[in-house]
1. Scan (1) outside any helix (DSSP H, G or I); (2) within 17 Å of Glu379 (Cα to Cα); (3) aliphatic (A, V, I, L, M) for the single condition Ala85 breaks and write down its number.
2. How many residues are part of a loop (DSSP other than H, G, I, E, B) and open to solvent by 60 Å² or more (accessible area, probe 1.4 Å) if we restrict to segment 177-210?
3. Just checking, how many residues over segment 30-58 are open to solvent by less than 60 Å² (accessible area, probe 1.4 Å) and free of Cβ contacts under 8 Å to residues at least 24 places away in the same chain?
4. List, please: which pairs have Cβ atoms under 7 Å, are six or more places apart or on different chains, and start with a residue in segment 138-151 that is more than 15 Å from Asp289 (Cβ to Cβ) and end with one that is modelled with pLDDT under 90?
5. Determine whether Met166 is in contact with a Leu (Cβ under 8 Å, 6 or more places away or on another chain), within 20 Å of Arg113 (Cα to Cα), among the aliphatic types (A, V, I, L, M) and in a loop (DSSP other than H, G, I, E, B).
6. Of (1) touching a Ser or Thr at 6+ places or on another chain (Cβ under 6 Å); (2) surrounded by fewer than 22 Cβ atoms within 10 Å (Cβ to Cβ), Arg336 satisfies all except one. Which?
7. Only residues that are open to solvent by 10 Å² or more (accessible area, probe 1.4 Å) and part of a helix (DSSP H, G or I): list them for segment 249-274, please.
8. Could you tell me whether any residue of segment 119-126 is open to solvent by less than 10 Å² (accessible area, probe 1.4 Å) and charged (D, E, K, R)?
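The values are calculated or read from the model by the stated rules, or taken from the named source; none is laboratory data. As the structure is a prediction and not an experimental result, all values here were calculated from the model. Here the Cβ is made from the backbone with ideal geometry for all residues, glycine too, and neighbour counts use every protein chain on show. Surface accessibility is based on the protein's heavy atoms, side chains included, excluding ligands, DNA and RNA. Shrake-Rupley method; radii C 1.70, N 1.55, O 1.52, S 1.80 Å.
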Amino acid sequence: MTTTAPVPTRHPERPRKAPGLGPFALLLGIGKPSAERWRQLGESLLVGDEPMDRLVDWMDAEGMDATRPLFERALRTGIDSVPEAPEPLRAFFAAVEATPDWVDPDLLRHGERVFRSGGTDGLYFARDVSFLGGYLASGFNKTLLRTGALEKGPAQRFAETLQWAMDVSTENGMELYGQGYRSTLHVRLIHALVRRHVAAMPDWRGDEWGVPINQTDMAATLVGALLAPFVGGMALGIIPSRADTAAAAHLTRYVGWLIGVEDAWLPTGFRDGVGILYHCLGAITNPDDTSRQLALPMADDPLTWHYPNLPALRGKIARSRHLSVTSAFLGPKAMRTLGLPAHLPWYPALRIPVNLARSALVRVLPGGTGRAAVRGRSEQEDFLRLLTGAAEATIGGAAPPHARIT
């Protein structure tokens, strides 16, 4: 990463408080970023994803109707199956298909299983803390609002994120041409299309906000989506082994590499991943009026989910449950900043003893880890259906029309 432009003014002079993560970082002995790391966080606001940005420029110049089908074929069956592929497309896929030497397939499979085993409690943390708390990062909100986030609604946006995470964590999902591999490169393409579109808008203030979907924001989003739910599961009583934490970090590292996050922001271990998230949040947390604008609809969203029965009652219970998780981990000050009512942490209080007991049984009973992964994935699929109803969560469906994957 090299840049000579001034650091965007959204980058603060010193780290801000990272909502919901401070105690855990303290427990792991993670301190403030070094001066060099802090400088990198600011400069990375100016850096997108050069390989994919360059490919999108070529695809647009040649015509998306002609180039998108070639991209899709290479994605599904490999670049060698597209003998007529022009050089820009061939060069991009040759790079992403050259899996790094550090990738351990067994660790990836283990990481996929760990994510499935988290069930809905890990997903609740992802939604109620990472996703909702992420609105405190107003710089990222500027891009979201310019892609029609309010019009699309929070259920659709989170359902698409959840579908991507479930694709990534499906069994063998991250092998070449697997379900997670394809979904991750789809997301990478969407990011580049949105970055190009939003940066060209006349009201985009690059000197203040940097590049849309930049490296700093992408790093925070990556670790927030894949490692933070794991952290949340631990806080809710799901106790992992050391091997589980290593596998979760390894899966996150490879997914990040594939989605276009630079090496400096890829976790080399679990503690390093928490450190990346902690430092990124200290750099990007800067709430403004957009924070409430996005948080309020998401807080009320459970009232309109697709319940098979007693929708009014279940909606109210779900809203209280999710706000109790948000309150427990973000704290009253962040709740006030987001314009949300603080709730007693009743759901975490109920779930911790249940998860502690389940974690113990998984360790002592033969085949416990396999059963936990099956049960957890079933819970995750049920939650996704609750969000979408009869419709499917299509990755890219909430993106602007020009960025959608067909």
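1. Exception for Ala85: condition (2).
2. 5
3. 1
4. Correct list of pairs: Thr147/Ala399; Thr147/Pro400; Gly148/Pro400.
5. Criteria not met by Met166.
6. Here Arg336 meets the rest and fails (1).
7. The answer is His250, Arg253, Trp257, Ile259, Asp263, Ala264, Phe270, Arg271, Asp272.
8. The answer is yes; a qualifying residue exists.
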